[in-house]
Amino acid sequence: KKKKKKKKKKGREVREKLFTKVTSLFHDLDAGMLPISVLWPYAPIAAHRKRDAARAELAAVFKTIISARRAAQAAGAPKEEDILQSFIDARYSPAVFGGRALTDEEITGMLIATLFAGQHTSSITSSWTGYEMLAPKHRAAALEPAVSEQAALMASKEFGDALTIDALNAMPALHANITEALRLHPPLIMLLRLAKKPFVATTSAGESFTVPKGDMVFASPAFSHRLLHVFRDADEYQPDRFAPPRDEDKARPFSFIGFGGGRHGCMGTNFAYLQIKAIWAVLLREFELELVDPVPEADYESLVVGPKSGRVRYRRRKLAPEA
């Protein structure tokens, strides 16, 4: 028993140590993603040097895990059901690289991209959603419908207190708040696409021009989401703009590009909504919240644009279901 306890304790210590190390490496990776990184990704600055060193260390950590996974399966261990296994099993199409499997380096890149993709964007959008909902002038049109929606769900026989996927999908008021926060405060202020062939673009004024093959096309959600000919009162926070009869995001193709668009739109869109709804469903049910300061300004010093600091007053409560 003593040996088992000692082994268990050692295993826990190893995991905690690894978690601390990986967290530190991710912090350095994050700090190395700056606005300048888009145009000059390998600029010789301290943040980039730390970022690249962290990337190399993470690659070594992941390679050890990948090798252990492959060895275990070669010895007859059952396959795990996780994203790492999906990458290990993935194959290119026969027309690309002969249909080979992903290399350890490619798997490492995919793991890092997957971990980063839904981390900052979701946490930042959660923050913006809260700041905007709690703003005094938005409470009646934004916060109160979201709170009433939670009370109604809790009172229903179908859901009660449970936050199942079906319950999270039955929150249109909260969904609209998240979408409007994302419209006004997109975490990524630029989306990039490479023109694979020439195409003609026409402006809202009717002027046309040709984008040559090989050019990079930059689309800015921060700019597009505030076009007055697309969104009425574009600078105002109005969650009902996404509900009938307004449906402003459906009036023109790609009016709303908070998750990108086209073939390479964000594959995590639905998961992001579930994440943020789960966070705010719990907060709305458990706390009375009040924004003390004005809605913060955006912090443009980071590549993923979040809010500057703002204070929120809270008081514990249990939201009573509607009768």
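The values are calculated or read from the model by the stated rules, or taken from the named source; none is laboratory data. Here the structure is a predicted model, which means the values were calculated and not measured. No Cβ is skipped: glycine too gets one built from the backbone with ideal geometry, and neighbour counts run over all protein chains shown. In case anyone asks, the SASA skips ligands and DNA or RNA and just uses the protein heavy atoms, side chains included. Shrake-Rupley method; radii C 1.70, N 1.55, O 1.52, S 1.80 Å.
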Restricted to the range 105-134, and to residues that are of a type in the set (A, V, I, L, M, F, W, C) and out of contact with any helix residue (DSSP H, G or I) (no Cβ under 8 Å at 6 or more places or on another chain), which residue is nearest to Leu284 (Cα to Cα)?
Ile124
Search the range 221-234 for residues that are open to solvent by 30 Å² or more (accessible area, probe 1.4 Å) and pair each with any residue that is part of a helix (DSSP H, G or I) when their beta-carbon atoms are under 9 Å apart and the residues are at least 6 apart or on different chains.
Ala222/Leu184; Arg226/Arg183; Arg226/Leu184; Arg232/Arg241; Arg232/Glu248; Asp233/Arg241
Being modelled with pLDDT under 90 and either within 18 Å of the chain's Cα centre (by Cα) or open to solvent by less than 40 Å² (accessible area, probe 1.4 Å) (or both) is the requirement here; does Gly206 meet it?
no
Can you spot a residue in the range 280-288 that is farther than 23 Å from Met171 by Cα and not hydrophobic (A, V, I, L, M, F, W, C)?
no
Looking at the structure I just gave you, is Asp104 touching a residue at least 40 places away in the same chain (Cβ under 8 Å) and among the acidic types (Asp, Glu)?
yes
Pairs please, first residue from the range 295-320 and over 23 Å from Asp235 (Cα atoms), second anywhere and β-branched (Val, Ile, Thr) and crowded, with 17+ Cβ neighbours inside 10 Å, Cβ atoms under 9 Å, 6+ apart in sequence or on different chains.
Leu319/Val147
Starting from residues that are assigned to a helix (DSSP H, G or I) and more than 25 Å from Phe259 (Cα to Cα), keep the ones in the range 93-137 and report whichever is most open to solvent (accessible area, probe 1.4 Å).
Lys137
Collect the residues in the range 157-203 that are open to solvent by 90 Å² or more (accessible area, probe 1.4 Å), modelled with pLDDT of 90 or more and among the acidic types (Asp, Glu), keeping them in residue-number order.
Glu158, Asp166
Given the conditions (1) open to solvent by less than 70 Å² (accessible area, probe 1.4 Å); (2) over 27 Å from Glu158 (Cβ atoms); (3) under 20 Å from the mean Cα position of the chain (by Cα), report the number of the one that Ile276 does not fulfil.
(2)
Given the criteria assigned to a loop (DSSP other than H, G, I, E, B), among the acidic types (Asp, Glu) and at pLDDT 90 or above, does Glu288 qualify?
no
If you go through the range 71-87 one residue at a time, how many are out of contact with any helix residue (DSSP H, G or I) (no Cβ under 7 Å at 6 or more places or on another chain) and assigned to a helix (DSSP H, G or I)?
6
Search the range 20-31 for residues that are of a type in the set (Lys, Arg) and pair each with any residue that is open to solvent by less than 50 Å² (accessible area, probe 1.4 Å) when their beta-carbon atoms are under 8 Å apart and the residues are at least 6 apart or on different chains.
Lys21/Val61
What pairs can you find where one residue is in the range 45-74 and at pLDDT 85 or above and hydrophobic (A, V, I, L, M, F, W, C), the other is open to solvent by less than 60 Å² (accessible area, probe 1.4 Å) and outside any helix (DSSP H, G or I), and their Cβ atoms are less than 8 Å apart, with a gap of 6+ or different chains?
Ala47/Gly32; Ala47/Leu34; Ala54/Gly32
Out of Pro321, Pro245, I need the residue that is open to solvent by 50 Å² or more (accessible area, probe 1.4 Å), in contact with a helix residue (DSSP H, G or I) (Cβ under 6 Å, 6 or more places away or on another chain) and modelled with pLDDT under 90. Which one?
Pro321
